[in-house]
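Step one of this worksheet: look at the structure below.
The values are calculated or read from the model by the stated rules, or taken from the named source; none is laboratory data. Since this is a predicted model, take the numbers as computed values, not measurements. Note that we place each Cβ from the backbone using ideal geometry, even for glycine, and neighbour counts take in every protein chain shown.
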Amino acid sequence: MLKKAEHLPLYVSLANIIKERINNQQYQVGSSIPSEAELREEFAVSRTTVRKALKLLTDQNILIKLPGKGTYVSDNRNEIKTKKHQFSSLTDSVERAGKNMATRLISIEKTYGTDEQRAFFHLDDTEQLIAINRLRYIDDVPFCLEWIWLPPKFDQLKSADLNRPLYQLLKEQFATIPSTGRKTFKIAFATKEESVLLNVDQNSPLMLIKDFVYDEKGQSLHITSQILRSDKLTYAIDH
């Protein structure tokens, strides 16, 4: 029987076991994992718990569900991971390109977040995240709509000048700097709200970049989701 880990929902504990089996190659990349029924029987949990665990891992691009075939370990071919010495912020990237960067804060609030976010930060049922929404500019032209989620220990940021670069604030106020991270790229299409803020046509293709970032101690630092105009910024990756 699966035992709930301290401060973690049961489905997150199950997801962590599946990830561990993938990491130690008990479940091979490209192969199917046990069915929902087999997982329910092995761990003595409900169908809801199994499905939430599988959804969490699918959202993290660890598993992929193929209709009529089952659930497989993803080969992550559409994911690009940043190496420690390659990690940099959007501000760094823009400044290296010789552009002028500006930021406008849209909102900051507390939220319980998604299952994926809560699992990344290892939150218990009572804790809330800090959610920041900002609009970024290059040479006075809006090019990026950004959402940032941070753990509750950074609650003091609510009184900070969030039009400044986030990493400067984290370093100055909390002596914290980013170290490693996982970056994913995906094509998205502008919603009505995004089209207004970014000054593009609705349904225009945009670049969606998500970062899962850790600090120098290996602790979860923040999650960032950025919707960018690809006509204003291009990413080049050496391989």
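Tell me which residues, restricted to the stretch 124-173, are closer than 23 Å to Lys232 by Cα and part of a helix (DSSP H, G or I).
Within the stretch 124-173, Leu166, Tyr167 qualify.
Residues in the stretch 141-186 that are in contact with a strand residue (DSSP E or B) (Cβ under 7 Å, 6 or more places away or on another chain) and over 18 Å from Ser220 (Cα atoms): 10 in all.
From the list Ser195, Ser179, Ser204, the one residue that fits, being modelled with pLDDT under 90, of a type in the set (S, T, N, Q), surrounded by 13 or more Cβ atoms within 10 Å (Cβ to Cβ) and farther than 19 Å from Ile108 by Cβ, is Ser179.
Remark: pairs (first residue in the stretch 174-186, assigned by TED's automatic domain parsing to the domain that holds Ser159 and within 14 Å of Asn61 (Cβ to Cβ); second residue of a type outside the set (D, E, K, R) and buried (at least 18 other Cβ atoms within 10 Å of the Cβ); Cβ separation under 6 Å; 6+ apart in sequence or on different chains) = Arg182/Phe212; Phe185/Ile209. Pairs meeting the criteria (first residue in the stretch 43-67 and free of Cβ contacts under 8 Å to residues at least 24 places away in the same chain, second residue part of a loop (DSSP other than H, G, I, E, B), beta carbons under 7 Å, at least 6 apart or on different chains) are Ile64/Ser74.
The residue pairs whose first member lies in the stretch 204-217 and is within 19 Å of Trp149 (Cβ to Cβ), whose second member is at pLDDT 90 or above and outside any strand (DSSP E or B), and whose beta carbons are closer than 6 Å, counting only pairs six or more residues apart or on different chains, are Asp215/Thr176. When residues in the stretch 10-42 are screened for being assigned to a loop (DSSP other than H, G, I, E, B) and modelled with pLDDT of 85 or more, 9 of them pass.
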